[in-house]
Amino acid sequence: MAEHTLPSLPYSYDALEPHISEEIMTIHHKKHHQAYVSGLNAAEASFAKSQSPKEKIVLSAALKFNGGGHINHSLFWKNLAPSAKQGKGHGGVLKDGPLKEAILRDFKSFEAFKKDFNTQTLAIQGSGWGWLGLNPHNHVLEVVTTPNQDPLLSHVPIIGVDIWEHAFYLQYKNIKAEYLDAIWNVINFEEAEKRYLEAGASKL
Amino acid sequence: MLSLIRNAARPTLARAFAKPAFATASLHTLPDLPYAYEALEPHISGEIMKLHHSKHHQTYVTGLNTAEESLAKAPSVKERIALQAALKFNGGGHINHSLFWKNLAPTSEGGGKLREGPLKEAIVRDFGSVENFKKEFNTKTAAIQGSGWGWLGYNSATNKLEIVTTANQDPLLSHTPIIGIDIWEHAFYLQYKNVKPDYLNAIWNVVNFEEAGRRFTDVAK
């Protein structure tokens, strides 16, 4: 069975500064995400050898945790980009187009969307992720949260933001709200729109 | 007198958290640390202790007071249920951290030293050796998938010491807490980064086994 591997970042470790520090990006990618990849490979290897339903069930937590960690972080790196404000890329810029229209339609304003996203993500009681997700039943954009490393299953992930403390603590300490304000400068709305359009296409 | 925790904590701790159901005025407050912020160095940095106590624990205290105030005013069953998550999270956070500060001590004040006595005997009886106990504790605590706490807990049904973990800020209810270790990333990240095992090895140098011994003899048969 093919092993999972740590995807390369689409940018250098310092590219998201000053919004997310090089130190955080380095440890987050090389250590935390790598650990999920290694853990997923180990869990899948055990799963392939497992003999009984009971053994498979015992392995399900490791598969969900490490598999979810790998899925979530892979989405995360791609929905970040060096900030346009710093003149480094297109991060933080939501151009006119289908995604912007949908956000305005479903949240009334971009500011209202950001506020809803940050409020719900801040309110997570423990570790988890905040998501802008596309509800596949009614094709509405909604803010959703997931605990720990649970993958987002109820919606199509459009934008994911890691709110585990390792994602921000070295730079923002306990002030989660500042991290959540800053990260909007490096959200890759082009990638987000790509996901949105792909999800729309598969609805047909 | 309404008690928020019944079997799982020492009587004094239960009294500290007990409030009459109709009381709205008395507020929970952040307990002082029994030592200076830098006193657990080099095992836990002063920077971590200061943020952990004055920011994180304070936030749970403030959140608990707010949640209890809302609960006192809640006019319907549905509203009271809606408040349960805030009470559990902030109440648990306050309980857990209050226990935590007390079960740590500077090495100069006995931190890390497990003397001969009932607790040591029980640990050796239930885990084979103190080293085995620490190894099992660290393995189980490091394996928590998310935020949570590792506990040495006393099981009053079986009269045994057991290692238990709780998620997020859930208080330990199934056992009497003897030693609690915070494994939320804020508890160690500034100093140990992603290397949880280094933190878990280091913290044994500042575990207050005398406080743990007191908790144990209070409940053990």
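Points to keep in mind about this one:
- Radius of gyration (Cα atoms) of the range B:43-220, expressed as a multiple of 2.2 N^0.38 Å: 1.08.
- Normalised by the number of residues in the range A:19-204, the average gap of Cα pairs under 8 Å and 6 or more apart makes the relative contact order 27 percent.
- Cα-projected label distance for residue B:160 with residue A:63, points at 7 Å along beta-carbon direction, nm: 3.0 nm
- For residue A:81, nonlocal amide neighbours, meaning residues 5 or more places apart or on other chains whose placed amide H falls under 5 Å from its own, are A:187, A:188.
- Estimated from the Cβ-Cβ distance and a Förster radius of 25 angstrom, the FRET efficiency linking residue A:123 and residue B:54 is about 0.70.
- Contact order normalised by residue count of chain B, Cα under 8 Å, 6+ apart, percent: 24 percent
- Length gained on full extension, residue B:85 to residue B:38, computed as 0.36 nm times the residue gap minus the Cα-Cα distance: 13.6 nm.
- Inverting the pair-averaged 1/r between distinct Cα atoms of the range A:157-204 gives 12.3 Å as its Kirkwood hydrodynamic radius.
- Estimated FRET transfer efficiency (residue B:135, residue B:65; beta-carbon r; R0 51 Å; 0.05): 0.80
- Estimated FRET transfer efficiency (residue A:153, residue B:108; beta-carbon r; R0 41 Å; 0.05): 0.20
- By the count of neighbouring beta-carbon atoms within 10 Å, fewest first, B:100, A:110 end up ordered A:110, B:100.
- Using alpha-carbon coordinates, inclination of helix B:130-142 to the longest axis of chain B, degrees: 50 degrees
- Distance between the pseudo-spin-label points of residue A:104 and residue A:181 (7 Å out from Cα toward the beta carbon): 2.6 nm.
- Taking the Cα centre of chain A as reference, the dipole from Cβ charges on Lys and Arg (+1) and Asp and Glu (-1) amounts to some 300 debye.
- 5 angstrom amide H check on residue B:104, placed H, neighbours 5+ away: B:208
- Highest GNM mean-square fluctuation among A:156, A:140, A:58, for chain A modelled with Cα contacts below 10 Å: A:58.
- Leading residue at positive end of dipole, the range A:19-204 (Cβ point charges), from A:126, A:60, A:166: A:60
- Table column - 3J(HN,Hα) (Hz), the range A:98-106, Karplus curve with 6.51, -1.76, 1.60, x for Gly and Pro: x, 5, 4, 4, 5, 5, 5, 5, 8
- Degrees, to the nearest 10: B:84-102 long Cα axis against longest axis of chain B: 40 degrees
- Helix A:110-122 and the longest principal axis of the Cα set of chain A meet at an angle near 40°.
- For the range B:43-220, a crude dipole built from +1 on the beta carbon of Lys and Arg and -1 on the beta carbon of Asp and Glu, taken about the Cα centre, is about 140 debye to the nearest 20.
- Average projected area [Cα convex hull, the range A:19-204], square nanometres: 11.7 nm²
- Sites count as exposed loop sites when they are trypsin sites (Lys or Arg not before Pro), lie in a DSSP loop, and have at most 13 other Cβ atoms within 10 angstrom; the longest stretch of chain A without one is A:109-204.
- Using just its DSSP H runs of length 4 or more, each adding -39500 (n - 2.57), the protein assembly as shown gives a mean residue ellipticity at 222 nm of -14000 deg cm²/dmol after division by all residues.
Coordinate-derived values only; no laboratory data. Quick caveat, the model's predicted, so the values are computed rather than measured. When we count neighbours, we look across all protein chains shown, and the Cβ atoms used for this are built from the backbone with ideal geometry, even at glycine.
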